[in-house]
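Undergrad: My structure is below; once you've seen it, I'll send some questions.
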Amino acid sequence: MLAAQDLVLDYRSGTAIAHAVDTVSLRVERGSFIGLIGPSGSGKSSLMYLLSGLKRPTGGAVTFDGHDYRELSAARLIRLRRQHFGFVFQQHFLVNYLSAIENVTVGALRRNHDTAAYAQELLRRVGLGDKLQKRPYQLSIGERQRVAVARALVHRPAVVFADEPTASLDQATGHEVVSLLAEYRQAGGGSVVVVTHDPAMLTGADRVLQMRDGRLN
Amino acid sequence: MTNPLSLWNFYFRNKRKVLPVVGILALAILGVVVTDSLLASARETAYATFGSYQKLILVAPRATRDQDLANPLQESLSRLRDVQLQVDSLDGPGGISSYYDAVVALPARLRGQLPSVQQVEVDAANARYYAARLRGDLVPLGDLIVRVQRLQSEEKSFTQLVQQLTERPNDPRPLITYLQQHQTWLQSVVPDSAQLGRLQSAVISASADANGLQASLQALSRDSANLNTSGQSLANLPVPPSPSGTIDQFKSALDRLTASLGSIEEPQPGLDKLLADSARIPGTAFVKRDAYSNLDINLLAGNAQFDLYGVDQPGMAQLLALYGDRVAAGRLPRPNANEIAVSEEIARSRHVWIGGQLGNNLDELDRLPDAFSVVGIIRGPTRIGVIPLDYMTQHYLFERRYQGLVVVPQSGHEQVVHDQLQKMIGSTAFRLFDWPYIKAKIDSLIQNLDAINRFLVILVTIVLSLVVGLLNNLFFRQRMNEFGLLAAVGYGRWALIRRVAWESLGVTVAAWGVGIGAAIAVLSWFNTSFMVPHGLVMNVFDWNVLLLHTLPIPLMVFLFGMSTVGWQLLRLDPISIIERRD
């Protein structure tokens with residue numbers, strides 16, 4: 001479903017060229033849990049940006065369900081991202097003036113009763129059933145991240161991209177967050193791609209890919 | 001389920017940030033509306049104050065050399081000196097007194113035989129009496145003429161001083177020099193300057209005594225002739241010679257003085273002919289002689305002179321009928337009385353009502369001499385004030401010289417009558433005042449204030465745009481994570497710009513509405529509590545001011561705010577926000 005072929009991402013600084021992603025090919029099958037690990041600067045986040053369409057590659061191709069990103073306009077690529085992908089970042093990026101439940105529904109494609117019920121269900125599942133109306137500043141960091149996970153799942157995306165979702169959390173909370181993503185995958189929701197530098201977080205992954213200097217080992 | 005990113009959610013949840021911006025903008029809009037409304041009020045009040053010109057043309061004498069009192073005054077003073085000399089001669093050797101003494105010295109026997117001697121005695125005594133009176137009259141008359149002369153020359157010095165100060169406003173030397181040179185004079189003369197009307201009463205008194213003296217002298221001449229004739233029939237009667245030569249010289253000197261004083265009192269030459277000619281202009285409804293005067297009133301944009309029409313009684317009624325005005329309280333002024341009837345707005349602005357007083361005694365800027373009693377309050381669409389023509393012309397020397405005409409054209413004939421009048425006046429010392437001229441003057445006065453106001457509005461708009469643009473930017477930076485996330489999860493840049501545009505538009509429109517609402521409330525209160533009681537005009541619901549004049553503020557603020565934030569949103573890179581580790 002999601003495939004990358006000979007992906008290259010270069011950063012130019014004057015005459016110097018840095019290869020953030022260097023000729024990477026991979027496939028993310030439907031319902032799979034892929035872990036990307038590597039040290040800082042290895043290019044794992046850059047690879048995730050390319051796979052999710054947040055960045056255009058310098059070379060190579062990414063296709064999702066047969067759609068080659070190179071052939072998609074910016075608007076269509078944005079629409080594809082909105083409809084089929086979910087995102088969890090290292091920071092929660094919750095909207096401060098919205099409640100937990102409202103933050104979750106920011107990610108929803110349709111705003112109806114079912115979506116509201118599903119958003120509540122997701123928050124209950126992540127253990128925040130009693131904090132639906134709490135604002136982000138009234139939640140702990142771990143709770144905020146769990147709201148961010150619920151937001152990433154509310155529109156039932158085909159692929160969830162999580163970029164260092166546990167970096168700012170303690171280990172126990174980090175495990176909880178990753179297991180929430182794993183649950184989504186197990187429930188048949190979709191694929192999960194988790195980028196982390198902590199291998200302990202990827203115990204449930206189908207495949208763990210290691211990156212170093214922009215290449216997959 | 002509601003949209004969490006709805007505008008209502010944004011405004012309601014961010015009220016602590018939104019309300020101050022709304023408040024600042026609303027205050028600025030309130031300020032613009034208030035200043036604009038006051039300016040519009042100044043214009044409308046000025047139009048209303050001089051609205052009577054919309055239906056009439058005032059023919060007024062120009063200030064000319066002939067019109068200047070200096071010439072007849074100087075001539076009168078010379079004549080007066082001559083008369084004084086002649087009065088002294090009458091009293092001197094060969095004059096009335098010596099003749100009287102000679103007649104009284106005739107033997108009682110002769111006086112008993114000649115009844116005409118007794119008559120000569122009586123007439124000579126009368127002549128002495130009037131001569132003494134006239135001598136007494138001439139002293140204050142001469143003094144008043146000198147005072148008027150000095151006042152006139154002082155006016156010229158003062159005009160010159162004003163001109164110098166206008167040209168070099170930062171140089172106080174002319175003012176200091178003027179005050180040093182004129183300090184003593186100002187202290188001695190200025191308190192009396194309001195009583196210049198006494199000159200005319202002194203002239204009248206002197207004229208009456210001169211007439212009495214002349215009558216006595218004529219009788220004396222006749223009696224002395226009789227006495228001479230009778231004396232010739234009696235042998236050796238020592239009849240004294242008659243002082244007829246001295247009397248004749250006095251008479252001619254007095255005639256010259258009378259003629260000279262008469263020229264002081266004459267109105268502008270040619271006025272009678274102009275009155276007759278203008279009444280014959282086709283399209284003229286009626287013409288009235290007008291001893292016009294002015295009242296000092298406040299127009300917000302500064303003081304102005306409200307025109308009073310000095311017409312006869314039928315003229316007052318005609319003017320009221322012309323404007324559709326009526327006497328709401330009291331009555332119109334009586335003939336030959338120092339009375340005034342004035343529109344209620346003007347009365348309010350001067351804080352007077354029936355029984356109150358107006359005039360130069362109370363306000364030095366009133367060109368209404370001494371004090372006039374308010375006897376009537378006029379109500380109607382046009383502001384007007386009327387005073388009696390005869391009182392003005394018979395009691396006040398200067399007003400007599402500044403008589404004009406009120407020419408009322410028939411509706412639709414204003415321009416034709418104006419053109420004909422202009423042609424008729426030609427190069428004579430008259431000038432026309434009609435509505436286009438007055439309106440242009442008012443507009444010119446307001447134009448300067450308008451320019452200042454426009455500058456202030458532009459300044460406020462620019463400063464506000466910068467301030468609110470800055471606040472927008474600060475607020476935007478605080479929401480960078482929100483926009484970064486939305487961009488990452490699939491909101492396009494233009495969708496984000498649209499969202500911010502709606503947010504900004506909502507704030508500016510709300511501020512606009514609040515500002516206008518507050519302005520209406522403030523202006524309504526101000527209108528009721530200040531403007532109406534002071535006879536000033538204010539249109540609280542002037543939508544031109546409320547909407548069009550304030551529009552640049554929200555528009556500029558919106559455009560400036562959106563241009564800066566929109567530019568940042570166009571360049572927004574969600575990854576740079578996602579990767580921030582702050």
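Undergrad: Would you mind computing, in nm to one decimal, how far apart the modelled labels at B:R498 and B:H351 are, each placed 7 Å from Cα along Cα→Cβ?
TA: Label at B:R498, label at B:H351, 6.3 nm between them.
Undergrad: Quote the relative contact order of chain A in percent (integer), defining contacts as alpha-carbon pairs under 8 Å separated by 6+ residues.
TA: Relative contact order, chain A: 31 percent.
Undergrad: How much length is gained on full extension from B:N473 to B:R431, taking 0.36 nm per residue of separation minus their Cα-Cα distance?
TA: Difference between extended and current length: 8.9 nm.
Undergrad: If you don't mind, another one. So for the pair A:A117, A:D198, with labels modelled 7 Å out along Cα→Cβ, what separation do we get in nm?
TA: The two pseudo-label positions are separated by 3.6 nm.
Undergrad: Could you give the size of the charge dipole of region B:469-582 about its Cα centre, using +1 on the Cβ of each K and R and -1 on the Cβ of each D and E, expressed in debye and rounded to the nearest 20?
TA: Dipole size: approximately 320 debye.
Undergrad: Let me ask something else. What is the sum of charges around A:L26, taking Lys and Arg as +1, Asp and Glu as -1, for the other residues whose C-beta is under 12 Å from the C-beta of A:L26?
TA: +2
Undergrad: Here is a further query. Over every pair of different alpha-carbon atoms in region A:1-70, take the mean of 1/r and invert it; report that Kirkwood radius in Å.
TA: Final number for the Kirkwood radius of region A:1-70 is 12.5 Å.
Undergrad: Take every Cα-Cα pair in region B:413-456 and report what % of them are more than 14 Å apart.
TA: Percent of Cα pairs beyond 14 Å in region B:413-456: 62.
Undergrad: In square angstrom and rounded to 100, what buried accessible area do you get between chains B and A, total over both, with the probe at 1.4 Å?
TA: Heavy-atom accessible area buried at this interface is about 2500 Å².
Undergrad: Then there is this: Over all directions, the average projected area of the alpha-carbon convex hull for region B:418-570 comes to how many nm²?
TA: For region B:418-570, the mean projected area of the Cα convex hull comes to 14.4 nm².
Undergrad: Taking amide H positions as placed 1.01 Å from N in the peptide plane, with prolines and chain starts having none, which residues 5 or more places from A:L209, or on another chain, fall under 5 Å of its amide H?
TA: Close amide H contacts, sequence-distant or interchain: A:G35, A:L36, A:I37.
Undergrad: What number does region B:535-582 give for Rg over Rh if you use C-alpha atoms and the Kirkwood radius?
TA: That ratio equals 1.44.
Undergrad: Sticking with this one: Calculated FRET efficiency, B:N336 and B:A259, Cβ-Cβ r, R0 25 Å, to nearest 0.05?
TA: The pair B:N336/B:A259 has a calculated efficiency of 0.45.
Undergrad: Toward the positive end of the charge dipole of the protein assembly as shown, about the Cα centre and with charges on Cβ (Lys, Arg +1; Asp, Glu -1), which of B:L73, B:T508, A:G174 goes farthest?
TA: The residue sitting farthest along the positive end of the dipole is A:G174.
Undergrad: Ok, one more. Sorted from largest down, what three extents in whole angstroms do the Cα atoms of region B:430-500 have along their principal axes?
TA: Computed over region B:430-500, the largest-to-smallest principal extents equal 84, 20, 9 Å.
Undergrad: Hey, could you grab the Kirkwood Rh for region A:30-82? Inverse mean 1/r over distinct alpha carbon pairs, Å, one decimal.
TA: Computed over Cα pairs of region A:30-82, the Kirkwood hydrodynamic radius comes out at 12.3 Å.
Undergrad: Quick check: residue separation of B:D88 and B:L365 times 0.36 nm, minus the Cα distance between them. What number comes out in nm?
TA: Stretched fully, the B:D88-B:L365 segment lengthens by 95.4 nm.
Undergrad: Show me, bin by bin at 5 Å from 0, the whole-percent P(r) of region B:492-582 based on Cα pairs.
TA: For region B:492-582, the binned pair fractions read 3, 12, 16, 14, 12, 10, 8, 7, 5, 5, 4, 2, 1, 1 percent.
Undergrad: Quote to one decimal, in nm, the extra length available between B:R379 and B:K251 on full extension: 0.36 nm per residue of separation minus the C-alpha distance between them.
TA: Result: 40.6 nm gained on full extension.
Undergrad: Which whole-percent values make up P(r) of region A:160-217 when all C-alpha to C-alpha distances are grouped in 10 Å steps starting at zero?
TA: Spelled out per bin, shortest first, that is 23, 55, 22, 1.
Undergrad: Here's another thing I want to ask about it. Which value, in Å³ per residue, describes the convex hull spanned by the Cα atoms of region B:286-404?
TA: Normalising the Cα hull of region B:286-404 by residue number yields 96 Å³.
Undergrad: Let me ask another. Kindly count the pairs of lysines across the protein assembly as shown whose alpha carbons are less than 22 Å apart, treating pairs on different chains or eight or more residues apart as eligible.
TA: Value for the protein assembly as shown: 11.
Undergrad: For a paramagnetic label modelled at 7 Å from the Cα of A:S40 toward its Cβ, which residues of region A:1-23 fall within the zone defined by backbone nitrogen distances under 18 Å?
TA: Hits in region A:1-23 for A:S40 at 18 Å: A:20.
Undergrad: A further question follows. Compute the distance in nm between two label points, each set 7 Å from the Cα along the Cα-to-Cβ direction, one at B:Q163 and one at B:D573.
TA: 7.4
Undergrad: Regarding region A:5-114, what's the average projected area of the Cα-atom convex hull, expressed in nm²?
TA: For the Cα atoms of region A:5-114, the hull's average projected area reads 9.7 nm².
Undergrad: Using Stokes-Einstein with the Kirkwood hydrodynamic radius over Cα pairs, what translational diffusion coefficient do you get for region A:66-134 at 20 °C and a viscosity of 1.002 mPa s, in µm²/s rounded to a whole number?
TA: After rounding, the answer is 155 µm²/s.
Undergrad: Just to be sure I understand: if I project the alpha-carbon convex hull of the protein assembly as shown onto a plane and average over all orientations, what area do I get in nm²?
TA: Computed as one quarter of the Cα hull surface, the answer is 56.4 nm².
Undergrad: Another question, then. Rule-of-thumb check for region B:1-58: C-alpha Rg over 2.2 N^0.38 Å?
TA: Cα Rg divided by the expected 2.2 N^0.38 Å: 2.22.
Undergrad: Can you give the calculated 222 nm mean residue ellipticity of chain A, where each DSSP H run of n ≥ 4 adds -39,500 (n - 2.57) and the sum is split over every residue, rounded to the nearest 500 deg cm²/dmol?
TA: Per the formula, -9500 deg cm²/dmol.
Undergrad: Apply the Debye scattering formula to region B:470-545, with a single equal point scatterer on each alpha-carbon and no solvent, then give log10 I(q)/I(0) at q = 0.19, 0.20, 0.26 Å⁻¹.
TA: Result of the Debye calculation: -0.84, -0.89, -1.16.
Undergrad: Rounded to the nearest 0.05, what FRET efficiency do A:R70 and A:S140 have when you use their Cβ-Cβ distance and R0 = 45 Å?
TA: E(calc), rounded to 0.05, equals 0.60.
Undergrad: Could you work out Rg/(2.2 N^0.38 Å) for region A:81-217, with Rg from alpha carbons only?
TA: Output field value: 1.02.
Undergrad: Test of understanding: extend the Cα→C-beta vector of B:A518 to 7 Å, then name every residue of region B:8-49 with backbone N under 13 Å from that spot.
TA: Residues passing the 13 Å test: B:19-34.
Undergrad: Tell me, what is the percent relative contact order of region B:269-370, built from C-alpha pairs under 8 Å that lie six or more residues apart?
TA: The value is 24 percent.
Undergrad: Which whole-number percent is the relative contact order of region B:315-372 (Cα, under 8 Å, 6+ apart)?
TA: For region B:315-372, the relative contact order is 22 percent.
Undergrad: What's the FRET efficiency of B:L551 with B:D450 using the Cβ-Cβ distance as r and R₀ = 22 Å, to the nearest 0.05?
TA: 0.80
The values are calculated or read from the model by the stated rules, or taken from the named source; none is laboratory data. The shown structure was predicted, so the numbers you read here are calculated from the model rather than taken from an experiment. Reconstructed Cβ throughout: ideal geometry from the backbone, glycine too, with neighbour counts over all protein chains shown. The accessibility values were calculated without ligands, DNA or RNA, using every heavy atom of the protein model including side chains. Shrake-Rupley method; radii C 1.70, N 1.55, O 1.52, S 1.80 Å.
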